[in-house]
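Values quoted throughout were computed directly from the atomic coordinates according to the rules given, and no laboratory measurement underlies them. Since we're looking at a predicted model, the values are computed, not measured. Every residue, glycine among them, receives a Cβ derived from its backbone with ideal geometry; neighbour counts consider all protein chains shown.
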């Protein structure tokens, strides 16, 4: 589990304990957070094997 996922789950756990979120909503949010983090980290994507070059002069 990634650090961001852990932080999101801890926050949700605290809110649930304080009565802030219904457990069913927390499950949906956890699922969405997991999907978002996997997408942002390019999880399960083909690895980049070559050099990556841009079209600008920015290095």
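With the simple model of a label 7 Å out from the Cα in the direction of the Cβ, residue 25 to residue 45 spans 3.2 nm. Cβ-to-Cβ counts within 10 Å put 25, 48 in ascending order as 48, 25, the fewest first.
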